[in-house]
Structure formats: C-alpha cells, structure tokens
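Note sheet for the following structure.
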Amino acid sequence: MTIRVAIIGAGPAGFYTAEALTEADAEIDLIEYLPAPYGLIRAGVAPDHQTTKKIQKSYAKTALKPAVRYYGNVKVGRDVSLDELREIYDAVVLAIGAPTDNPARLPGADKRGVYGSAAFVGWYNAHPDFRNLDPDLDTSAVAVVGVGNVAVDVARVLVKTPAEMATADLPDYAAERIQAAPIQDVYMFGRRGPVDAKFTNVELREMGRLENCVPIVDPAQLPDAVEGDYEDRDLRVREKNLATLKEFSERRREEKPKGVHFVFYASPVEILGGEKVEGLRLERTRVEEGRAVGTGEFFEVACGAIVSAIGYRSTPIEGAPFDEKWGIVPNEDGRVEDGLYAVGWIKRGPTGTIATNKPDGKLAAEQILADGKEGKPGRASLEKLLAARGVRPVSFEEWQKIEAIEEANATPPSPRRKFATVEDMLAQLERAEAARETGCPGSARA
Ligand SMILES: Cc1cc2nc3c(=O)[nH]c(=O)nc-3n(C[C@H](O)[C@H](O)[C@H](O)COP(=O)(O)OP(=O)(O)OC[C@H]3O[C@@H](n4cnc5c(N)ncnc54)[C@H](O)[C@@H]3O)c2cc1C
C-alpha cells in the first residue's frame, strides 16, 4: 500500500527527504511557501557562488519523479494548517529551515542602518520577504558582526567589482545599490580569537584574491600555532585558516582601494549614532576556557551600516512544539510526535553545509517507512482544500517556466535575472496562459 507523505519546505532537507522516499512505495508532496523552490540554495548561498547553486539541478530531477508533486506558493500556517496536513497525510515532515536572524541584543540595535544577515542576504538574493529592505549603504565603512562563512559572504559581496560579479545572479536593484555605495572599508568582528573563527578555508582564501580589495589582519592577534584539543579534521581547518590569516597580515591597506579588516577579540557593546548608525563600540576580550571574557578596554569604529551575522533561528509553526532556547522543534533523532518528523535546520539548528542535510532526509524516510502508517487520503484532500480556499499552487512544471524566463532575461555570463516578488513570478504564468489562450506569443520579460 502507498504511504502518503507531506514535506513542508522545499530546501535541501526537504528535497533529500523526498529523494530518499522515492525508493519506496510513497506519494510525496513537497509544500513550499514561495513559488520558487530550493530554500537557502536560492536565497542564502552567495550570488557569486554559482557552482554551489548547481545542486539545484539534482533537486529538480527529484521534483520531476512521478511519485513527487510540488506545491509552491502554499504556506503552511496561512493556506493550510499543520493540523490539517497531519489529518490527511500518513506522515508529515517539517523541513522549514531557520529563516530569521538571531537578534542583535545591543543598545542602539533599532537604529537605521542595522541589518540582520538573514534579511541582508535575503535582500541581495532576491528573496521576496526582503525585497523591500532598502538598506542604507551610503557610507564609507560597514561593520559585519561575526566571523563565519555568512559574514565572509556579506563582506565579499559588498567589495567585489561589477566585473567580479558578472557571473553572479545578484538582482539589479542590489547591484545598483552596492555599486553606488562609497564603501571603502568593511570590518569583521569576532568575539573570540582567529583560531575560533568559523569560516571554511576556501571562503577565507578567496578574500585574498579580490580585484579591488585587500584583507587586513593585525599580526599581533595571530598565535604562532593552533593550540587546543581538536579532532583531526577540525584541527586541519583551523591550521589552514591561521596560515591564511598570517599571509593576510603581511598585506597593506594601501595596496587596493578597499579593505576588509578581520578583527578578533572584540565584542560589540553598543551601536552609536542618532536615528542612524554612526559607529560601533566594542570591548576587547581574551579567551578563557573557550569563552570570550571582557577586558574592560573599549574602542570605537566609525561605520554607517552594520550587518549582524551571528546566526539564524527557526520560528515556531502552529501545531508543532517549539524549543525557545535552542530555536528548534524538539525531536528525538528527527521524530517529533506520532506521524510528525523534522529534518534540516528546524531539526538540528542552523549549522552545517548543504550536504549535512542529506543524512537527515534518509533517516526520516527510514523512520516513516518503519512506522508504517498508511491509509490516509493525502494529495487528493490537499488539492480539494486548496481549491476551496482559492489558493493558487505553483506546480514544478510551472516553476520551470518561471525559471526559464529568469534565465532568458539574464545578461550573460549571469545565469539568471531573478524575480524578487511572488506577484512577478505569478504574473509570468498568467502571461504565458493568456498568450496560450489567444495564440499570441506574449512578452515574457519582466
Ligand atoms: C547565507 C547562507 C549561505 C550559505 N552558503 C552555503 C554554502 O555556500 N555552501 C553550503 O554547503 N551551505 C551553505 N549554507 C547552508 C545551507 O544553505 C543550509 O544547510 C540549508 O539550506 C538548510 O536546509 P533546510 O532545508 O533545512 O532549510 P532551508 O534551505 O531554509 O529551506 C527551508 C524551506 O522551507 C520553506 N518554508 C519555511 N516555512 C514554511 C511554511 N510555513 N510553509 C511552507 N514552506 C515553508 C522555506 O521557504 C524554504 O524554502 C548557507 C546558509 C546561509 C544562511
């Protein structure tokens, strides 16, 4: 008998779960809030890292398998409730990710010019929720709080030249804003030392090869060697990062018009300015037993914008339990409640790479099959429900039409010119439909 599964969220974790379930006798429905699939692959991974985004192609193959159906533009909690899905499906998988920022709890965090990285990255990646962020980048200096890969992405996107971004899919409005900005210096601040920084070495090294921008590190902040009790792989990454930072410490600010400054042992304490950000006050720290401890010595950096890249957070979904402390749905190895499972960032929190989500999907599929509950109506009931509410789901074939228009609209070598609003995406389908009905080839360009 066929087991009917609803997966909420079409990011990596959702797709890996769907893929694993296609091995079994299962009917798999991927329910996604946006018309566009792929979660943070489309809206998080940096626009100039197109090789990473190529994983989308394998997800598309999964979506086109006969057992799988995609329902884009359907938000669980708005168009259909989790309780309703649990009523009509044998199993429901939460794959909704961690879409919001850990709040920057600093005095002055409400000033104009302070942005969380989820919002800022969503803005330059054309995520409809952040299209209207309208960041004020009219400043010569930007501070990025955090020393992980997301912080590096933000810094790099802010300082790359148009030529370096030619192969990216940065939307026009973001490219125009960033290129017009008089940014000369980007400061990245980490509370702990260089050895504790979370970036991967490939991302870090890229900062040393930028056309117009030089990486700056104070050699006095770099230890001679990595000390501490680390697993082999972890130790190697930290050693490579330290070696890269040592190379950076020999560079000089005068070499290039722009600089990205890596500043360690610095904990932000206050955002300065009036209605708008004018600077950041920080306390110098030392690391004791792995924790940053304030030294009582303070310093200030003038900057007109601050991007806080201190981690992501899931949001509760009505009908499922939520652990406020850890910002996840509490689960035991992915099992949440009877018939309810969690995968990806909503299960584990916002850590790891795209590939880290794959074992989650495989495990959830195994659990669903082992739990072996069958007999609910699934898809047929979902479609009835959506139709009764006037919800307009976007099928995967329809998404591919939108995607083809994004690709056709691009200026090579950029791979696509993204639509940044749901209305724009749906309008493409309406135009195509109207053109089909009248027999006239309608203009599909935005
Ligand atoms: C800025 C950034 C850059 C990154 N860059 C890289 C990188 O270069 N390489 C790498 O390996 N990893 C990278 N990662 C990590 C990678 O993106 C994540 O590991 C992965 O996307 C997590 O997958 P997920 O499916 O759990 O969540 P997501 O990718 O966030 O997918 C969740 C999906 O659920 C949907 N959804 C949410 N709520 C609802 C709802 N109520 N109803 C319906 N749908 C809903 C969302 O719209 C989204 O499509 C990056 C992460 C970030 C934040």
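Where a number appears in this text, it was derived from the coordinates with a stated rule and is not lab data. All of these numbers come straight from a predicted model, not from anything done at the bench. Neighbour counts are summed over all protein chains in view; Cβ atoms, including those assigned to glycine, are modelled from backbone coordinates with ideal geometry.
Volume per residue of the convex hull around the Cα atoms, evaluated for the range 1-103, comes out as 103 Å³. The alpha carbons of the range 250-341 occupy a box of 61, 36, 30 Å along the principal axes, longest dimension given first. Taking a straight line from the alpha carbon of Lys418, these lysines sit under 18 Å away, with near neighbours fewer than eight places off in the same chain left out: Lys53, Lys54, Lys57, Lys401.
For the range 36-41, backbone phi angles converted through the Karplus equation (6.51, -1.76, 1.60; θ = phi - 60°) give residue-by-residue couplings of 7, x, 5, x, 6, 5 Hz, Gly and Pro being listed as x.
Can I get the semi-axes of the range 101-312's equivalent ellipsoid? Compute them from the C-alpha gyration tensor as square roots of 5 times the eigenvalues, in angstrom, largest first. Walk me through the numbers before you get to the answer.
Values: eigenvalues 138, 87, 52 Å².
For the range 101-312, the semi-axes come out at 26, 21, 16 Å.
Backbone geometry of the range 148-160 corresponds, through the Karplus equation with coefficients 6.51, -1.76 and 1.60 at θ = phi - 60°, to 3J(HN,Hα) couplings of x, 5, 5, 4, 5, 4, 4, 4, 5, 4, 6, 10, 5 Hz, x marking Gly and Pro. Considering all alpha-carbon pairs of the chain, what whole percent are spaced by more than 34 angstrom? Tail of P(r) above 34 Å: 38 percent of Cα pairs.
So how do Lys53, Lys276 line up by other beta-carbon neighbours within 10 Å, fewest first? Each step should come with its number before you reach the end.
Details: Lys53 18, Lys276 14.
Arranged by neighbour count, lowest to highest, Lys53, Lys276 become Lys276, Lys53.
Beta bridges from DSSP with both residues in the range 101-312: antiparallel share about 45 percent, rounded to the nearest 5. As a proxy for reagent exposure, ranking Trp123, Trp326, Trp345 by other Cβ atoms within 10 Å from fewest up yields Trp326, Trp123, Trp345.
To make sure I understand, if each residue's beta carbon is the centre and we count other beta carbons within 10 Å, what order do Glu239, Glu324, Glu398 fall in, fewest to most? Could you put the intermediate results ahead of the total?
Details: Glu239 15, Glu324 8, Glu398 21.
If I rank by nearby Cβ atoms, fewest first, I get Glu324, Glu239, Glu398.
Bridgeable aspartates and glutamates around Lys384 (alpha carbons under 18 Å apart, same-chain partners fewer than 8 residues away excluded): Glu27, Asp29, Glu32, Asp79, Asp83, Glu84, Glu87, Asp90.
With a cut-off of 8 Å between alpha carbons and a minimum separation of six or more residues, what is the relative contact order of the range 189-242 in percent?
Working: 29 pairs, mean separation 27.5, N = 54.
Once divided by the residue count of the range 189-242, the mean separation gives 51 percent.
Keeping to pairs on different chains or 8 or more places apart, tell me how many lysine pairs in the range 101-312 have Cα atoms under 18 Å apart. Present the calculation step by step, with values, prior to reporting the outcome.
Numbers: Lys111/Lys276; Lys160/Lys256; Lys160/Lys258; Lys198/Lys240; Lys198/Lys246.
Count of close lysine pairs: 5.
Rounded to whole numbers, the Karplus 3J(HN,Hα) couplings from phi for the range 245-260 are 5, 5, 4, 4, 5, 8, 7, 10, 4, 5, 4, 9, x, 10, x, 10 Hz, using 6.51 cos²θ - 1.76 cosθ + 1.60 with θ = phi - 60°, and x at Gly and Pro.
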